[in-house]
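Engineer: I am attaching a structure below and will ask some questions about it afterwards.
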Amino acid sequence: MAETSDFLVIGAGIVGLATAQALLEKFPDRKVIVLEKESAPAQHQTGHNSGVIHSGIYYKPGSMKAENCRKGKMLLEAFCKAEHIPYKICGKIILATEPQELPALNALFERGKANDVKSKLIDPAEIHLLEPHVSGIKAIHVEDAGIVDFKTVCQKLVEKIAARGGQVVLNAKVLAISEVENGVLLKTSSGAFRATLVLNCAGLHSDSVAKLSGFQPPVQIVPFRGEYFKLAEPAKLFCQNLIYPVPNPEFPFLGVHFTRMINGAVECGPNAVPAFAREGYCKSDINFSDLAEMAFYSGFLKLGKMYWREGLAEFRRSFSKSQFLKSLQRLIPEIRIEHLESAPAGVRAQAVAPDGKMLDDFLIYETRHIIHVLNAPSPAATASLNIGNVLAQKAKNRT
């Protein structure tokens, strides 16, 4: 006998939990269930997040990322205040170290102004006041960037979902999805569930879940492992808050940077290389099914042709600590190899189109009984509470 509900959310990462919370707020008399295949929430992208509250400076004005990031940031800060979750608006600098980076830095500053980001251009003297150990010729000081522990946010969301009568069902991997009269039937490792509307927030597995439902998504998730080090105790003083390079505008990753986390640790990274498993947190992690799916996907092959130079540099850093160190020394010259300690990696779910382009914006597709979130990389954690509101409104539009 299938357990019935009005709404089923697949995935208990921060986007799935925020969506469940928004559904319960909008539909207080409806039943909401979250299905999570792991034994605890926030075990993948959310749980391996470095905890940056993004300002929205990087995203194309008018895009879903830009709009959801700014709105989500305000909602997140208000949520943390109301729920007594530690967070800090510490600010960050985006640093140009060479003259050829200045046009991209200035363009990024203009984009920030278009997105109402509180920021200003600063010279070397002002840079030194904020970050005494960095070396740069010009920077953007993004005043409203911050840090938080997103796992703590998820724990509070789980509590609030339960308080409103919702359920988070763990160890419930979705095995099959079929449409039935007036809804959807899901077979999972914890039994059968039936709902009027399903919201696919499965992150790394979002395209696979879509295929289980009979929908062929227009993109495929390609997992990229983000590899980090952390600074040893004496070297933590080299970084006051958040220090980023000028990103390559043609590449959807922000480059190796320094992040002071809410617990006081300082992470440096990430290096970004294709992972050989959707949950490939270690170099030795290989899932042959995931690897074959990626290797035979035309979009991944075309992506490799377009970005082979960047990819080669990333792989060099992946296998050479000294190469990784060189990237860090562009920002903080005093960093030495003995300052770097191993840190856990993360995996980014990056949607890639058949033409090889990495999607730069969030992507949501709707079918008859399912709403699929097919691309929600960074800044999805910052934007999550507003993404939840957007999905709940889409649910309401169907009623």
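Bear in mind these aren't lab numbers, they're just calculated from the coordinates by the rules spelled out. From a predicted model like this one, the values you see are computed outputs, not experimental measurements. Cβ: placed from backbone, ideal geometry, glycine included. Neighbour counts: every protein chain shown.
Engineer: What is the mean projected area of the alpha carbon convex hull for segment 189-235, to one decimal in square nanometres?
Structural biologist: 6.5
Engineer: Related question: Each residue of segment 112-119 in order: what ³J(HN,Hα) in whole Hz does its phi give by Karplus 6.51 cos²θ - 1.76 cosθ + 1.60, θ = phi - 60°, with x for Gly and Pro?
Structural biologist: x, 4, 5, 9, 6, 7, 7, 8
Engineer: Ordered by packing density, taken as the mean number of other Cβ atoms within 10 Å over each peptide's residues, highest first, how do 12-22, 335-345 rank?
Structural biologist: By packing density, highest mean first, the sequence is 12-22, 335-345.
Engineer: Hey, another quick one. Work out how far the C-alpha atoms of segment 110-239 reach from end to end along every principal axis, then list the three figures in whole Å, largest first.
Structural biologist: Principal axes ranked by extent give 67, 33, 30 Å for the Cα atoms.
Engineer: Kirkwood Rh over Cα pairs of the chain into Stokes-Einstein at 25 °C, 0.890 mPa s: D in µm²/s?
Structural biologist: Taking Rh from Cα pairs, D becomes 113 µm²/s.
Engineer: Grab the alpha carbons of segment 14-131, take their convex hull, and tell me the volume per residue in Å³.
Structural biologist: Here the figure is 158 Å³ per residue.
Engineer: Here is a further query. Give me the orientation-averaged projected area of the Cα convex hull of segment 1-79, in nm², one decimal.
Structural biologist: 7.0
Engineer: Which value, in Å³ per residue, describes the convex hull spanned by the Cα atoms of segment 92-143?
Structural biologist: Roughly 55 Å³ of hull volume per residue.
Engineer: Okay, next question. Go ahead and set up a Gaussian network model of the chain, Cα springs under 10 Å, then flag whichever of PHE276, PHE229, PHE296 fluctuates most.
Structural biologist: PHE296
Engineer: Can you put PHE288, PHE7 in order, fewest other beta carbons within 10 Å first?
Structural biologist: PHE288, PHE7
Engineer: Okay, moving on. Ignoring everything except DSSP H segments at least 4 long, calculate the 222 nm mean residue ellipticity for the chain; use -39,500 (n - 2.57) per segment, divide by total residues, nearest 500.
Structural biologist: The per-residue figure over the chain is -10000 deg cm²/dmol.
Engineer: Once you have the Cα-Cα distance between ASN171 and ASP355, take 0.36 nm times their residue separation minus that, and quote the gain in nm to one decimal.
Structural biologist: 62.7 nm
Engineer: Right, next: Would you give the gap between the C-alpha center of segment 259-322 and the C-alpha center of segment 149-167, rounded to a whole Å?
Structural biologist: Cα centroid of segment 259-322 versus Cα centroid of segment 149-167: 31 Å apart.
Engineer: Related question: Could you identify which residue out of SER178, SER55, SER135 has the top mean-square fluctuation in a GNM of the chain using Cα springs shorter than 10 Å?
Structural biologist: Among SER178, SER55, SER135, the largest GNM mean-square fluctuation belongs to SER178.
Engineer: Turning to a different aspect of this structure: Just rank SER50, SER284, SER298, fewest to most, by other beta-carbon atoms within 10 angstrom.
Structural biologist: SER284, SER298, SER50
Engineer: Taking a threshold of 29 Å on the Cα-Cα distance, which of the pairs LYS31/LYS60; LYS60/LYS138; LYS26/LYS173 fall above it?
Structural biologist: Among LYS31/LYS60; LYS60/LYS138; LYS26/LYS173, the Cα-Cα distance tops 29 Å for LYS31/LYS60.
Engineer: Okay, next question. Relative to the compact globular guide of 2.2 N^0.38 Å, what is the alpha carbon radius of gyration of segment 188-340, as a ratio?
Structural biologist: 1.27
Engineer: How would you order 190-197, 355-362, 151-158 from highest to lowest mean count of nearby Cβ atoms within 10 Å?
Structural biologist: Listed from highest to lowest mean packing, they are 151-158, 190-197, 355-362.
Engineer: Cα convex hull of segment 55-188: how many Å³ per residue?
Structural biologist: 190
Engineer: Using the 10 angstrom Cβ neighbour count as an exposure proxy, how do LEU325, LEU231 rank, fewest first?
Structural biologist: Neighbour counts put them in this order, fewest first: LEU325, LEU231.
Engineer: For a quick check, take a GNM of the chain with Cα springs below 10 Å and name the residue from ARG348, ARG30, ARG111 with the largest mean-square fluctuation.
Structural biologist: ARG30
Engineer: Right, something else. Please work out the Cα center distance from segment 204-252 to segment 66-129, rounded to the nearest Å.
Structural biologist: Segment 204-252 and segment 66-129 have Cα centres spaced 19 Å from each other.
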